[in-house]
Amino acid sequence: MNSDMKTLNNVDGSRKVILRVEKLVKHFPITKGIVMQSQVGAVKAVDDISFHINQGETLAVVGESGCGKSTTGRLILRLIEPTSGSIEFDGVDITTLKGNEMRAMRREMQIIFQDPYASLNPRMTVGDIIAEPLEVHNIVRGKAKRERVEELLKVVGLSPWHLVRYPHEFSGGQRQRIGVARALAVNPKLIVCDEPVSALDVSIQAQVVNLLQDLQTQFGLSYLFIAHDLAVVKHIADRVAVMYLGKIVELVDKKTLYETPRHPYTQALLSAIPVPDPAVKRERIILQGDVPSPINPPSGCRFHTRCPYAQERCKIEDPAFEDTGGGHYVACHFWQDIEVPEAVSAIRSGNASDHYLPRLAAYRRATEKKAAADKAG
């Protein structure tokens, strides 16, 4: 892959690059034996990816389960160690940091986990959960710590008296808000959102998405937003990276991606978005076969075993990740010959995911009404 970050870098020169990832690789070793272990293979979870995130920007990462999205997020935070590559945060290559240096850097980077039920310690009160990062980084103590926790609860739409409750006493949406408050506690610059709404009911998803957008505006946060739901991505992302089997196959701003997707895999993903209009008839792009194993990925283009446009060259040569114009990066040998199929045409006008707008608007109206009532009271 062509990962020259001087060309892949900030297309919008007006904004500072807060995170830059170059040639990032993570191979999980497969070993045999108990006493004398030897490596017999590797799971190539993330394999040579490069991207950047600007300050105040949301970069969404989408793809099928097992493509390496969550692994990428954890690598950025160094919750798992990369096999190779560089992760530069705010001008510092964090892959070289150790011990206290890395702990101090983690204050600038936080994560919101996918499962709001498993990510909160059931034996700790909400107040203790949110206060824990404040104690770890020695930010505030005593009365100031409690005041900070109460402030964070208000920021995410919960009440100060909730701090004495335990996680099992809250709904899924409320638990995710607690997770957001914990991530905000140390005033980070970057938050990795690892599918933060996928475990929630659709009626609650809009609340969390709106909350994340409001917090981004209020605090100038940058997000790496990992998701499956392309309707959610369309509303929260600035740019979108599409991953397949450990590699990024397309990267561009969301408007361009939804209107003119170049990679066949992106087109297949977009064709799966439901259109909330029974009068609109279209056929989904059904990919043949299963996703290959990351232990032994196909040679050449990794998508060629399922691609309807694959040719002999695709089986041999790995396509370069190149700029097709205007910062639209695609890893495909024949992207110029592939037209946007009719199955994706509904996405061009934005109709396919506009069913999400009423949920967002309804939540915002309810929030404004509650705020007005509290102020009057």
| field | Selection count, segment 299-313, where residues are surrounded by fewer than 17 Cβ atoms within 10 Å (Cβ to Cβ) and in a loop (DSSP other than H, G, I, E, B) | value | 4
| remark: Restricting segment 175-207 to residues that are in a loop (DSSP other than H, G, I, E, B) and among the polar types (S, T, N, Q), the one surrounded by the most Cβ atoms within 10 Å (Cβ to Cβ) turns out to be Ser198
| request: State whether the residues of segment 213-223 include one that is part of a strand (DSSP E or B), in contact (Cβ under 8 Å) with a residue 24 or more places away in the chain and either aliphatic (A, V, I, L, M) or out of contact with any His (no Cβ under 7 Å at 6 or more places or on another chain) (or both). | output: yes
| Criterion: at pLDDT below 90 and either in contact with a helix residue (DSSP H, G or I) (Cβ under 7 Å, 6 or more places away or on another chain) or farther than 20 Å from Glu64 by Cα (or both) - qualifying residue of Asp290, Asp277, Asp323, Asp318 | Asp277
| request: Kindly establish whether Leu59 is more than 15 Å from Ser86 (Cβ to Cβ) and either surrounded by 20 or more Cβ atoms within 10 Å (Cβ to Cβ) or at pLDDT below 95 (or both). | output: yes
| Looking at segment 33-49, is at least one residue in contact with a Leu (Cβ under 8 Å, 6 or more places away or on another chain), under 23 Å from Ile248 (Cα atoms), in contact (Cβ under 8 Å) with a residue 40 or more places away in the chain and not in a strand (DSSP E or B)? | no
| What about Leu163, is it touching a residue at least 24 places away in the same chain (Cβ under 8 Å), buried (at least 20 other Cβ atoms within 10 Å of the Cβ) and out of contact with any Leu (no Cβ under 8 Å at 6 or more places or on another chain)? | no
| said: Restricting to segment 89-135, give me the number of residues that are touching a residue at least 40 places away in the same chain (Cβ under 8 Å) and outside any loop (DSSP other than H, G, I, E, B). | reply: 12
| Unique match (being small (Gly, Ala, Ser) and in contact with a Leu (Cβ under 6 Å, 6 or more places away or on another chain)) among Gly157, Gly173, Gly179 | Gly173
| message | Being under 15 Å from the mean Cα position of the chain (by Cα) and not hydroxyl-bearing (Ser, Thr, Tyr) narrows it down to one residue among Leu158, Leu200, Leu212, Leu245; which is it? | response | Leu212
| query | Only one of Thr266, Thr260 is without any contact (Cβ under 8 Å) to a residue 40 or more places away in the chain, within 17 Å of Tyr329 (Cα to Cα) and not hydrophobic (A, V, I, L, M, F, W, C); which? | reply | Thr266
| When residues of segment 308-331 are filtered for being of a type in the set (Phe, Trp, Tyr) and more than 23 Å from the chain's Cα centre (by Cα), how many remain? | 1
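The values are calculated or read from the model by the stated rules, or taken from the named source; none is laboratory data. Just so it is clear, the model here is predicted, and its values are computed rather than measured. Counting neighbours? That spans all protein chains shown, and the Cβs are built from the backbone with ideal geometry, glycine included.
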